[in-house]
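The values are calculated or read from the model by the stated rules, or taken from the named source; none is laboratory data. Predicted, not measured: the structure shown is a model, and the values here were computed from it. For the accessible areas, the whole protein counts, side chains as well, though only heavy atoms, and no ligand, DNA or RNA atoms are used. Shrake-Rupley method; radii C 1.70, N 1.55, O 1.52, S 1.80 Å.
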Amino acid sequence: MAEAPVGVFDSGVGGLSVLGEIHALLPQESLLYVADCGHIPYGEKSPAFIRERCVAVAEFFREQGAKALVLACNTATVAAVADLRERYPDWPIVGMEPAVKPAAAATRSGVVGVLATTGTLQSAKFAALLDRFANDVKVVTQPCPGLVELIETGQLHSDAMRVLLQQYVAPLLAAGCDTLILGCTHYPFLKPLLREMIPGNVILIDTGAAVARQLQRLLEQRGLLASGPALDTRFWTSADPQHFSNILPMLWKKSDNVSGFVR
Ligand code: DGL
C-alpha cells in the first residue's frame, strides 16, 4: 500500500506548481495528475458543479489505487474538501487554502493582498480564514478572472497577460500591500512576471510547499510513506491530451504519459 501512488488534481495546469513541490520533498512517491481542463475555469463555476467534478476525479484515482488525494486547487478545496472527507473518511485528503496566516505574520505595512479566483474569495471557508487569522491586518482581495485561461494556453509573459495582471496588481499596491498571497495554484507560474511589476520588498506567498509538507505528515502518520523508487508521473486531462503534452515541458520537467480523462 505504501508504494501506491498519490493522486494530485486541479482544474488545469495550476496544480503542477504543487506537484513540483511534492516531487521535490517526496521524490520516492509515485504521482498521478488529473487536469480537468475541459471544465476550466473552476473559479467561475458553482460549488455544486465543482463538487461533482471532484467526486468524478476522486473515483478515478481510487480505481487507479491511489493511497491519498491532494486537491492542488484552492477553488476545489473550498467547494469540495468537506464533502470528499465525508465520502472517503479513511482516505488521506490534503486540501489547500490561501496563505492568510503566514501573510499576516509577514506583513510590515499591515496590509495584505490576496489574488485568487472569484469562487475562493466568495466562499464561507475564505471568510472563516480571515476571521481566524486576519484580525490584526487589513486584507484587500482581488478576484482575477481571465488569468487562468491565459496560463492554460502557456501565456506566462504575453502582452495580454502583462496588461491583465497589471490591472489586478495595481490596486493592491495602491492600497499599501507589502505582502501578496497567490491564492490560486496557477499563479505561482506568474512569479517571474510579477517580480518585474512589483517593488522588490513586496513578499509573494503561496502554499505549494506547505501542502507537500502536510502530505508528508499525513502519509507518515499512517505508515504510508513510499520507499521508492517512484514510477514515472502519469498525467490525464479532460481536454486535448496533445495540447497538455505541448504545455507540460514549460511547467513540468518533461512531457510523458499524457492520456485522455473522460467522465
Ligand atoms: N487552480 C485553481 C485554484 O487554485 C483554480 C483555477 C480555475 O479557476 O480553474 O484555485
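Regarding segment 186-248, what is the average projected area of its C-alpha convex hull, in nm²?
Values: hull surface 28.7 nm².
Projected over every direction and averaged, the Cα hull of segment 186-248 covers 7.2 nm².
Comparing Gly12, Gly113, Gly176, which has the greatest mean-square fluctuation in the GNM of the chain with Cα pairs linked when under 10 Å apart?
With Cα springs under 10 Å in the chain, the top fluctuation among Gly12, Gly113, Gly176 is at Gly176.
Give the cross-link partners of Lys191 among the lysines, using a straight C-alpha distance below 29 Å as the criterion and excluding same-chain residues fewer than 8 apart.
Counting by Cα, and skipping residues close in sequence, Lys191 has these lysines nearby: Lys45, Lys101, Lys125, Lys138, Lys253, Lys254.
What are the equivalent ellipsoid semi-axes of the chain, built from the alpha-carbon gyration tensor (square roots of five times its eigenvalues), in whole angstrom, biggest first? Can you show the working numbers first?
Details: eigenvalues 166, 86, 60 Å².
Its equivalent ellipsoid spans semi-axes of 29, 21, 17 Å.
At a probe radius of 1.4 Å, what is the per-residue accessible area of Glu86, in Å² to the nearest 10?
Surface accessible to solvent at Glu86 totals approximately 150 Å².
Mind ranking Asp90, Asp240, Asp206, Asp10 by accessible surface for me, highest first, 1.4 Å probe? Walk me through the intermediate numbers first.
Details: Asp90 130, Asp240 85, Asp206 45, Asp10 0 Å².
Output order, biggest surface exposure first: Asp90, Asp240, Asp206, Asp10.
Helix-only estimate, please: 222 nm mean residue ellipticity of the chain, summing -39500 (n - 2.57) across DSSP H runs of length 4 or more and dividing by its residues, to the nearest 500. Numbers along the way, then the final one.
On the way: 11 runs with 117 residues, N = 263.
Computed mean residue ellipticity for the chain: -13500 deg cm²/dmol.
Please state the equivalent ellipsoid semi-axes for segment 44-181: what are the square roots of 5 times the Cα gyration tensor eigenvalues, largest first, in whole Å?
For segment 44-181, the semi-axes come out at 29, 20, 12 Å.
If I ignore ligands, DNA and RNA and count only protein heavy atoms, how much of Phe261 is accessible to a 1.4 Å probe, in Å² to the nearest 10?
Accessible surface of Phe261 is approximately 10 Å².
Counting each pair of different Cα atoms once, what's the Kirkwood radius of segment 109-162 in Å, rounded to one decimal?
Values: mean 1/r = 0.0783 Å⁻¹.
Final number for the Kirkwood radius of segment 109-162 is 12.8 Å.
Using alpha-carbon pairs under 8 Å, 6+ residues apart, how would you state the relative contact order of segment 1-132 in percent? It would help to have the intermediate numbers written out before the result.
On the way: 174 pairs, mean separation 36.3, N = 132.
Relative CO of segment 1-132 lands at 27 percent.
Sort Met1, Met197, Met250 by accessible area with a 1.4 Å probe, largest first.
Values: Met1 150, Met197 35, Met250 110 Å².
If we order Met1, Met197, Met250 from most to least accessible, we get Met1, Met250, Met197.
Find the centroid of the Cα atoms in segment 232-255 and in segment 139-157, then give the distance between the two in whole Å.
20
Rank Ala35, Ala210, Ala103 by mean-square fluctuation in a GNM of the chain with C-alpha springs under 10 angstrom and give only the top-ranked residue.
Ala210
What are the semi-axes of the equivalent ellipsoid for segment 1-95, taken as the square roots of 5 times the Cα gyration tensor eigenvalues, largest first, in whole Å? The partial results should precede the final answer.
Details: eigenvalues 83, 48, 23 Å².
Over the Cα atoms of segment 1-95, the semi-axes work out to 20, 16, 11 Å.
Can you give me the Rg/Rh ratio for segment 93-247, using Cα atoms for both radii and the Kirkwood formula for Rh? Intermediate results must be reported in sequence, preceding the final value.
Values: Rg = 17.4 Å, Rh = 17.3 Å.
Result: Rg/Rh = 1.01.
Quick one: check the C-alpha center-to-center distance for segment 55-85 versus segment 171-185, whole angstrom.
Each part's Cα centre sits 28 Å from the other's.
For the full complex of protein chains and a 1.4 angstrom probe, list Asp36, Asp232, Asp136 by accessible area with the highest value first.
Working: Asp36 0, Asp232 90, Asp136 150 Å².
The most accessible residue leads, giving Asp136, Asp232, Asp36.
Heavy-atom accessible area of His243 with all protein chains present, probe 1.4 Å, nearest 10 Å²?
The accessible area of His243 comes to roughly 80 Å².
For segment 169-234, what's the relative contact order in percent, using C-alpha pairs closer than 8 Å and at least 6 residues apart? Mind showing how you got there, number by number?
Values: 28 pairs, mean separation 21.4, N = 66.
Here the relative contact order equals 32 percent.
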